[in-house]
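Have a look at the structure below before the remarks.
Each reported figure results from applying straightforward, stated rules to the coordinates on display, with no laboratory input. For clarity, every value in this text was computed on a predicted model and none was experimentally measured. A quick note on method: Cβ atoms are made from the backbone with ideal geometry, for glycine too, and the neighbour counts reach across all protein chains shown.
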Amino acid sequence: MEVKNLVLEDIHLAMGAKMMPFAGYNMPVRYSSDKEEHLAVRENVGIFDVSHMGEFYVKGKEALDLIQYVTSNDASKLFPGKIQYSCLPNENGGIVDDLLVYKISDEEYMLVVNASNIEKDWNWINQHNRFDAALENKSDDISLFALQGPNAIKVLQPLTDVDLASMEYYTFQEGNIADICSDAIISATGYTGAGGFEIYVENKYASAVWQKIFETGKEYELKPIGLGARDTLRLEKGFCLYGNDITDKTSPLEAGLGWITKFSKEFINSGSLKAQKEDGVKRKLVGFIMIDKGIPRAHYDITDDSGKRIGEVTSGTMSPCMNVGIGLGYVPVDLAKPDTKIFISVRGKQLEANVVKLPIYKG
């Protein structure tokens, strides 16, 4: 499989990025250290180049009907400028992908999907498009930057006519960025739990916009951030990563995503998911903090106090903000309550951990 380069590949290399293949793209994993970059976002401001993400446009009289059928959340609640977190259920009780749905107008939406699933999602949605709706895959034409952290607004506001302070969480606006791009999409979603904005621009504007952001960011010691810190930031907040915490074999109800699974409408596999909700799930995704010293990693066994395997870690790391091992994993429902003691198998040792209510890091 050919690995694609980001538009700003040369800029990232010049900034000292360590590049690695990820989801079909050559991506910056880190520039300095994961911990330094992580803390820069939590305490100050950092910027990610996440242009590997996919963007599909859905247009037409029945654009909403298609989205309602293929996604689990209720997109009829959206208004222009509003964003919704959702997922694409498959026919077997699992998840094709999780995604964001942007409502541009009554007959135009943008779907933002995970890079590793662009082709899969594109084929899946087209396969189920029996509606008067046209699809356009703009993934290769759009660059996406995530400016995250408590000082993100100070860096971005001088560059745009959009009133960033008035933007509510999970909304977006089209606006001017630095007189370079007049129709950039600026959104307030984020995958770090540190606040901030996402900026979507056509590739031809990417380099100039990136450089302008660094010009205004110099005063605030803006740092480029890699995928390593992106993973630890999202894990501290208990945000699911597709391929780890949610997959084509995990139910959205098991994953704690009942809040985006609305049975007020019919969607793919809604009947069996509704039955699962009524019967109750047998396992749940939980967050945990290590009591014993050790770092949990994906695929490590989770056991009970007798050593019996009860589940598996789906994501794990050393929390840079808490200086303790943290993770996510699936356990039986009766062991999913906060303050329940579980054990993680780390290099042949059973290390004690405590189930906690999400987010794992409360700061």
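A cut-off of 5 Å between modelled amide H atoms, ignoring neighbours fewer than 5 places along the same chain, links residue 178 with 160. Structural descriptor for the chain: relative contact order 17 percent, calculated from alpha carbon pairs under 8 angstrom and at least 6 residues apart. Taking Cβ atoms as reference points and 12 Å as the exclusive limit, the residues near residue 349 contribute a net charge of -1, counting Lys and Arg as +1 and Asp and Glu as -1. Computed from point charges on the beta carbon alone (+1 for Lys and Arg, -1 for Asp and Glu), the dipole magnitude for the chain about its Cα centre is near 1340 Debye. Applying a DSSP loop filter and a limit of 10 other Cβ atoms within 10 Å to the GluC sites (Glu not before Pro) in the stretch 1-50 leaves 2.
Measuring between their Cα centroids, the stretch 192-235 and the stretch 239-255 lie 27 Å from each other. Taken over the stretch 282-356, lysine pairs spaced eight or more positions apart, or on distinct chains, with alpha carbons under 16 Å apart number 8. When each of 352, 168 is scored by the number of other beta-carbon atoms lying within 10 Å, the sequence from fewest to most is 168, 352.
Which of the listed residues, 32, 16, 250, is farthest toward the dipole's positive end in the chain, when Lys, Arg count +1 and Asp, Glu count -1 at the beta-carbon? Most positive-ward Cα: 250. Restricting the calculation to Cα atoms, the stretch 223-343 yields a radius of gyration followed by a Dmax of 15.6, 48 Å. Taking the inverse of the mean reciprocal distance over all distinct Cα pairs, the Kirkwood hydrodynamic radius of the chain comes to 21.3 Å. Taking a straight Cα-Cα cut-off under 18 Å and skipping sequence neighbours fewer than 8 places away in the same chain, the lysines within cross-link reach of residue 4 are 18, 120, 138, 204. Of the residues 71, 192, the one with the fewest other Cβ atoms within 10 Å heads the list, and the complete ranking is 192, 71.
For the stretch 54-137, taking the reciprocal of the average inverse distance between every pair of different Cα atoms yields a Kirkwood hydrodynamic radius of 12.4 Å. Loop-resident chymotrypsin sites (Phe, Trp or Tyr not before Pro) (DSSP state other than H, G, I, E or B) in the stretch 148-184 with no more than 11 further Cβ atoms inside 10 Å of their Cβ: 169.
Sorting 227, 233, 88 by the number of Cβ atoms found within 10 Å of their own Cβ, with the fewest placed first, yields 227, 88, 233.
In this structure, the amide hydrogen of residue 20, modeled 1.01 Å from its nitrogen in the peptide plane, lies closer than 5 angstrom to those of 27, 29, counting only residues at least 5 positions away or on a different chain. Qualifying GluC sites (Glu not before Pro) in the stretch 190-299, where qualification requires a DSSP coil assignment and no more than 16 other C-beta atoms within 10 Å, comprise 221, 266. Once you reduce the stretch 333-351 and the stretch 141-158 to the center of their Cα atoms, the two points are 38 Å from each other.
Whole-Hz Karplus values for the stretch 214-222 come out as 6, 5, 6, x, 4, 4, 9, 6, 4 Hz, taken residue by residue from phi with 6.51 cos²θ - 1.76 cosθ + 1.60 and θ = phi - 60°; glycine and proline positions read x.
Phi angles of the stretch 100-112 translate, via the Karplus equation with coefficients 6.51, -1.76, 1.60 and θ = phi - 60°, into HN-Hα couplings of 10, 10, 9, 9, 8, 7, 4, 10, 8, 9, 10, 10, 10 Hz per residue; Gly and Pro are given as x. Each of 134, 273, 88 was scored by the projection of its Cα onto the charge dipole of the chain, and the greatest displacement toward the positive side belongs to 273; charges sit on the C-beta of Lys, Arg, Asp and Glu.
Sites count as exposed loop sites when they are trypsin sites (Lys or Arg not before Pro), lie in a DSSP loop, and have at most 15 other Cβ atoms within 10 angstrom; the longest stretch of the chain without one is 139-248.
Compared with the rule-of-thumb size 2.2 N^0.38 Å for a compact globular protein, the stretch 282-356 has a Cα radius of gyration ratio of 0.94. Using θ = phi - 60° in the Karplus curve 6.51 cos²θ - 1.76 cosθ + 1.60, the 3J(HN,Hα) couplings for the stretch 277-291 round to 5, 5, 7, x, 6, 9, 9, 9, 7, 10, x, 8, 10, 5, 8 Hz; x is entered for Gly and Pro. Between residue 55 and 113, 138, 139, the built amide H atoms are under 5 Å apart, and every one of these is 5 or more places off in sequence or on another chain.
For the chain, DSSP calls about 95 percent of its internal beta bridges antiparallel.
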